[in-house]
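Just so you know, all these numbers are worked out from the coordinates, no wet-lab data involved. Worth saying up front: this structure is predicted, and the values here are computed from it rather than measured. Methodologically, a virtual Cβ is constructed for each residue, glycine included, from the backbone with ideal geometry; neighbour enumeration extends over all protein chains shown.
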Amino acid sequence: MLLKRFLHRCQLALLRFLVDFTPPVNYLVFSGAGSADQLCGHIYRAGKKRVLVVTDKELCNLGIVERAISGLRSRGIEIGLYDGVLPDPTFEQISEGSNVMRTFGGDAVLGVGGGSCMDAAKIIAAAAVTDEDPRQWVGFNKIKHDVPQIFCIPTTSGTGAETTMGGVVKNSELREKTIISDARLMPAAAALDPDLSMNLPSAITAATGMDALTHAIEAYISLWDRGTSKASSAVAIDLIYKYLPTAYADGGNIEARESMSLAAYYAGMAINQVNVGNVHAIAHQLGGRYGIPHGVANAMVLPHVLEFCSDKALFALAELGRLVGIGDLNSSNAVLAKDFIISVSDLRNQVGISPQSELIKKEDHSVLAEAAVREGATYPVRKLLDKETTIHILEKLTLY
């Protein structure tokens, strides 16, 4: 383990060097009711003539996509459509979407929907203008060509994909999730329009909200502290604790919806600067093998990983306890950290997410743990996962 820690620190030092020399990215975000139309106006002013909209069929059937892009139509922009995105988009869907983009001849891509739609939009934009296989881009900064401008309109409040330069794509053959991260995939602009997430089903509100919370907490306790990562994640955590229960219970509460969209955005900003951690390392395996929704998987795993790393992240967890109003001035860091972890479990339970899943199979624990350990070693975590601990966590998540 000492050797693994040494190699992990060496790998992180190299990655930090590469990250620090990555060209800076600029955020342009329109926020509030009606901001989707403001984004459409911006796309028009940017001179775009033919925009491919990447989304899913359900959002189209609900009329949400048409509401989101009506500002493009009213301004005379030609619209192409790829609505074949499914939860956990695959490389096959990327190929389909990029073929649609080539045939349409689009000069920009607009992702409308949750994280899957926005991630797919990013990779489709990159794949449409090259003969390279996107599988070759798995990892960090491997895209070497110019990518058509990408715009995003999230309809859920969780992934923060509208403000990150990464995309998650599933390898359907291996049943594994892969991550493609490159500054060229950074959206040029996004709209956080709460009108489009009004009356979102409570289960989706819960899962996406806990996804945003996971991003924010993992960024806050990260080994790295870059840019605004700490401040952004703290804002996100505060907003989620205040507004997720309301958004879950009252899907039509505009204040809660707008606040959750901002929380997801700030959490996305944070992980864009310092990446994620061990929670994602395990959750990605659950999503890749069983199709467990990403936010649900994160919510299940989060308290257990926080317990695992609490000895290395005690002060940070205690700070978060104070942030959300746990304990009093006389509480020790150890008590505050423990109570904060309990509060995470309580919030998960309050929004109806089960701590266990019947989909997880005991016979898969070993291979899942090995994959999680490998992935976790690529993140700036304070404490490396080991196989035994990971299997123990998986046992706690397994219903039968």
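Numbers below:
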| quantity | calculated |
| --- | --- |
| Potential extension, Ala183-Asn141 segment - 0.36 nm per residue separation minus Cα distance | 14.4 nm |
| Over the stretch 1-149 - Rg/Rh using Cα atoms and the Kirkwood inverse-distance radius | 1.05 |
| Charge dipole of the stretch 201-397 about the Cα centre (unit charges at C-beta), most positive-ward option of Leu306, Val296, Val276 | Val276 |
| Theoretical gain in end-to-end length, Thr246 to Arg73 [0.36 nm per residue, Cα-Cα removed] | 58.8 nm |
| Amide H contacts under 5 Å for Thr178, placed H, 5+ residues apart | Val169, Lys170, Asn171 |
| Virtual spin-label span in nm between Val129 and Lys4, 7 Å along Cα→Cβ | 4.2 |
| Among Ser232, Ser310, Ser70: highest mean-square fluctuation, GNM of the chain, C-alpha pairs under 10 Å | Ser70 |
| Rg to Rh quotient for the chain, alpha carbon positions, Kirkwood Rh | 0.95 |
| For the chain, built as a Gaussian network whose Cα springs stay under 10 Å, the top-fluctuating residue of Ser343, Ser35, Ser332 | Ser332 |
| Cα centroid of the stretch 331-400 to Cα centroid of the stretch 257-303, whole Å | 13 |
| Relative contact order [Cα under 8 Å, 6+ residues apart], the chain, whole percent | 14 |
| Descending principal axes extents, the stretch 160-214, alpha-carbon based, whole Å | 35, 29, 19 |
| Total charge dipole magnitude, the stretch 48-177, about the Cα centre, Cβ charges on Lys, Arg, Asp, Glu only, Debye to nearest 20 | 360 |
| Helix axis angle, 115-127 relative to the chain longest principal axis, alpha carbon, degrees | 60 |
| Size of charge dipole - the chain - debye, nearest 20, with Cβ of Lys, Arg +1 and Asp, Glu -1, no other charges | 780 |
| Loop-located GluC sites (Glu not before Pro) in the stretch 88-181 whose Cβ has at most 10 other Cβ within 10 Å (DSSP) | Glu173 |
| Spin-label pair Met198/Arg45, simplified geometry with 7 Å Cα→Cβ offset, distance in nm | 2.6 |
| Cβ charges +1 (Lys, Arg) and -1 (Asp, Glu), total dipole of the stretch 201-397, debye | 240 |
| Most fluctuating residue given options Leu329, Leu185, Leu81, as computed from a GNM of the chain linking Cα atoms under 10 Å | Leu329 |
| Net charge, Asn141 excluded, C-beta distance under 11 Å - Lys, Arg +1, Asp, Glu -1 | +2 |
| Computed FRET value (nearest 0.05) for Asn330 with Leu359, which takes r as the C-beta separation and R₀ as 30 Å | 0.10 |
| Three-way shape call for the stretch 191-294 based on the alpha-carbon gyration tensor, with the a/c threshold at 1.5 | oblate |
| Alpha-carbon centroids, the stretch 206-229 and the stretch 114-130: separation in whole Å | 23 |
